[in-house]
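Undergrad: This is the structure I want to talk about, given as structure tokens.
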Amino acid sequence: MASLTFLGAAGTVTGSQYLLEADRHRVLIDCGMFQGLKALRERNWAHLPVQPASVESVVLTHAHLDHCGLLPRLVSNGFGGRIFCTAGTADLCKLVLPDAGRLQEEDAKRANRHRYSKHTPALPLFTERDADDALDRMQPFGFERAVPVAPGLEAEFINAGHLLGSAFVRMRRSNGSGGTIVFGGDLGRYARPVLPDPSPGVACDVLLVESTYGDREHPADDGGAQLARIVNETADRGGRLIIPSFAIGRVEEVLYWLKQLEDSNRVPVLPVYVDSPMAVQALEYYKRHAHELDHDSRPERGEVSAFGTGRFHPTASSRESKQILATKGPAIVISASGMATGGRVLHHLAAALPDPRNTVLFVGFQAAGTRGRRLIEGEKQVKMFGQFVPVNARIERLNAMSAHADAAEIIRWLRTFPSAPGITYLVHGEPPAQQALKQRIERELGWNVHIPDYGERVDVPL
């Protein structure tokens with residue numbers, strides 16, 4: 001028997017991290033950052049739950065920070081192995097990890113300058129140099145190829161349809177003996193643009209599956225009707241549409257739909273500003289890996305990109321970002337971060353929220369404790385840059401654009417498995433969603449389901 005320890009994404013949607021121990025070898029699957037509530041964020045600063053030098057390798061499901069964001073800290077604290085992932089994941093990590101390091105350093109400098117930290121001096125969680133060191137350890141592999149990750153153990157990446165390069169991971173012994181574990185990572189959706197459907201499940205003894213939307217189902221695809229309504233109503237008021245968006249993954253779908261609506265004359269051709277250097281570079285990576293995208297998101301003949309709207313303005317420098325704030329008239333601004341926890345979008349929100357002509361549109365999951373969650377729950381003022389900003393703008397949300405499978409899609413994916421796993425662990429979800437999904441899986445599939453606690457260690461067949 002081997003063992004599996006749930007070091008993150010247990011009872012919460014962030015901090016994905018699982019320690020697999022077999023034959024005195026240790027492999028970490030994901031090494032994600034905790035986000036949201038302060039009690040969760042403090043885990044990022046705590047002593048690492050496993051000695052980094054004792055870890056043989058890391059297997060990474062995809063490039064979102066809640067799955068990869070603590071890799072620089074792991075490396076700076078002594079991890080000396082390789083980080084296995086797909087080529088798309090490696091490319092996107094080149095964007096998100098150095099950027100996270102820069103933000104950490106900037107936050108520490110700001111805290112020291114204004115002396116609001118409890119620590120003297122305030123230090124970053126990790127630096128940009130740490131991020132670069134982590135990138136040096138990445139070893140990309142293709143989908144559906146056996147990858148030796150430790151003596152006697154191999155992994156296989158299978159397309160999860162959640163993000164460019166995203167995968168669920170099959171772990172088993174190289175000689176074919178023992179059991180099989182599938183780490184679901186984040187599960188994508190069916191019949192959505194940009195990314196292909198999740199690949200069918202594979203036979204396994206142990207399955208870890210996300211439960212972010214385990215207690216609800218996304219609205220039916222309306223062909224962009226709701227987005228068209230929001231764009232048109234905002235433009236008619238002479239306002240601006242601010243879309244806080246995750247810099248990788250979500251921006252592509254937003255642009256795809258805006259282009260479709262423009263091409264069919266369902267919305268006016270407005271200036272569309274993508275105010276995120278990371279998002280702009282991510283678009284280049286999506287174009288580079290176009291063969292991995294869904295067919296409807298590959299460029300048509302004569303097009304440079306399937307994401308290029310009529311008045312598309314990529315924004316790189318902070319000077320260009322400030323110029324957006326100075327422009328007048330209706331426009332669409334897409335900027336990170338997706339949960340409005342930091343980044344350039346805060347400047348756009350601070351300028352837009354007091355004005356009832358404007359709209360703020362959230363297009364992804366908003367974790368508990370984030371500014372985005374507070375806005376969609378109806379707060380009348382939010383604190384930014386040390387001041388309270390009144391909320392007079394219209395607040396909208398589009399769950400249909402979520403990159404996470406909903407409860408029905410999770411069940412649909414589970415039905416593709418050739419047989420029931422011996423046990424299924426629900427991870428990456430808040431407790432109400434996990435309980436609802438557990439009951440549904442047990443009722444509809446008759447599977448053995450368990451919701452692990454943070455830090456729980458279980459024996460697994462391997």
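Undergrad: Of these, L349, L414, L375, which one is free of Cβ contacts under 8 Å to residues at least 40 places away in the same chain and not β-branched (V, I, T)?
TA: Result of the check over L349, L414, L375: L375.
Undergrad: Can you pull out every residue in segment 369-398 that is surrounded by 14 or more Cβ atoms within 10 Å (Cβ to Cβ) and either in the same structural domain as A39 (by TED's automatic domain parsing) or of a type in the set (A, V, I, L, M, F, W, C) (or both)?
TA: Passing the criteria: L375, I376, V382, M384, V389, V391, A393, I395, L398.
Undergrad: Which of the residues that make up segment 333-357 are at pLDDT 90 or above, touching a Lys or Arg at 6+ places or on another chain (Cβ under 7 Å) and under 20 Å from S276 (Cα atoms)?
TA: Correct list: V333, S335, A352.
Undergrad: Okay, moving on. Is there a residue in segment 378-400 that is under 19 Å from the mean Cα position of the chain (by Cα) and in a loop (DSSP other than H, G, I, E, B)?
TA: Scanning segment 378-400 turns up at least one residue that is under 19 Å from the mean Cα position of the chain (by Cα) and in a loop (DSSP other than H, G, I, E, B).
Undergrad: Another question about this same structure. Out of G308, G329, G338, which single residue is farther than 23 Å from D91 by Cα and not in a helix (DSSP H, G or I)?
TA: Within the list G308, G329, G338, the selection yields G329.
Undergrad: Go through segment 412-453 and count every residue that is farther than 13 Å from G214 by Cβ, assigned to a loop (DSSP other than H, G, I, E, B) and not acidic (D, E).
TA: The qualifying residues number 13.
Undergrad: Give the residue that is surrounded by the fewest Cβ atoms within 10 Å (Cβ to Cβ), with candidates limited to residues of segment 49-71 that are assigned to a loop (DSSP other than H, G, I, E, B), in contact with a helix residue (DSSP H, G or I) (Cβ under 8 Å, 6 or more places away or on another chain) and at pLDDT 95 or above.
TA: Among those that are assigned to a loop (DSSP other than H, G, I, E, B), in contact with a helix residue (DSSP H, G or I) (Cβ under 8 Å, 6 or more places away or on another chain) and at pLDDT 95 or above, it is V55.
Undergrad: Here are some residues: P421, P432. Which one is in contact (Cβ under 8 Å) with a residue 60 or more places away in the chain, over 18 Å from S16 (Cα atoms) and surrounded by fewer than 21 Cβ atoms within 10 Å (Cβ to Cβ)?
TA: Working: P421 fails: surrounded by fewer than 21 Cβ atoms within 10 Å (Cβ to Cβ).
The conditions single out P432.
Undergrad: Check I83 against each of (1) surrounded by 24 or more Cβ atoms within 10 Å (Cβ to Cβ); (2) assigned to a loop (DSSP other than H, G, I, E, B) and name the one condition it does not meet.
TA: All conditions pass for I83, except number (2).
Undergrad: Name every residue in segment 103-140 that is at pLDDT 90 or above, of a type in the set (A, V, I, L, M) and either in contact with a Pro (Cβ under 6 Å, 6 or more places away or on another chain) or buried (at least 18 other Cβ atoms within 10 Å of the Cβ) (or both), in order of residue number.
TA: L125, A131, A134, M138 - these are the residues of segment 103-140 that are at pLDDT 90 or above, of a type in the set (A, V, I, L, M) and either in contact with a Pro (Cβ under 6 Å, 6 or more places away or on another chain) or buried (at least 18 other Cβ atoms within 10 Å of the Cβ) (or both).
Undergrad: Next question, about the same structure. Based on this model, can you work out whether F79 counts as aromatic (F, W, Y) and over 22 Å from the mean Cα position of the chain (by Cα)?
TA: Yes: the conditions hold for F79.
Undergrad: Scan segment 194-227 residue by residue and report those that are in contact with a strand residue (DSSP E or B) (Cβ under 6 Å, 6 or more places away or on another chain) and polar (S, T, N, Q).
TA: The answer is S199, S211.
Undergrad: OK, next. Return the residues of segment 153-169 that are among the hydrophobic types (A, V, I, L, M, F, W, C) and more than 17 Å from E292 (Cα to Cα); say none if nothing qualifies.
TA: Hits for segment 153-169 are L153, A155, V169.
Undergrad: Is it fair to say L462 is outside any helix (DSSP H, G or I) and in contact with a strand residue (DSSP E or B) (Cβ under 6 Å, 6 or more places away or on another chain)?
TA: Yes; evaluated as a whole, the condition is true for this residue.
Undergrad: Still on this structure, I have one more. For segment 402-412, indicate whether the set of residues that are hydrophobic (A, V, I, L, M, F, W, C), in contact with a Gly (Cβ under 6 Å, 6 or more places away or on another chain), more than 29 Å from V269 (Cβ to Cβ) and modelled with pLDDT of 90 or more is non-empty.
TA: Within segment 402-412 (the criterion being hydrophobic (A, V, I, L, M, F, W, C), in contact with a Gly (Cβ under 6 Å, 6 or more places away or on another chain), more than 29 Å from V269 (Cβ to Cβ) and modelled with pLDDT of 90 or more), the answer is yes, since at least one residue qualifies.
Undergrad: To continue, here is another question. Filter segment 403-415 for residues that are more than 28 Å from T5 (Cβ to Cβ) and surrounded by fewer than 19 Cβ atoms within 10 Å (Cβ to Cβ) and give the result.
TA: Scanning segment 403-415 gives A408, R412, R415.
Undergrad: Counting only residues that are closer than 26 Å to N77 by Cβ and over 22 Å from the mean Cα position of the chain (by Cα), how many does segment 156-175 have?
TA: Qualifying residue count for the region: 1.
Undergrad: Provide a single number: the residues in segment 341-356 that are assigned to a loop (DSSP other than H, G, I, E, B) and hydrophobic (A, V, I, L, M, F, W, C).
TA: Residues meeting the conditions: 1.
The values are calculated or read from the model by the stated rules, or taken from the named source; none is laboratory data. None of the values given here were measured: they were computed from a predicted structure. Note that we place each Cβ from the backbone using ideal geometry, even for glycine, and neighbour counts take in every protein chain shown.
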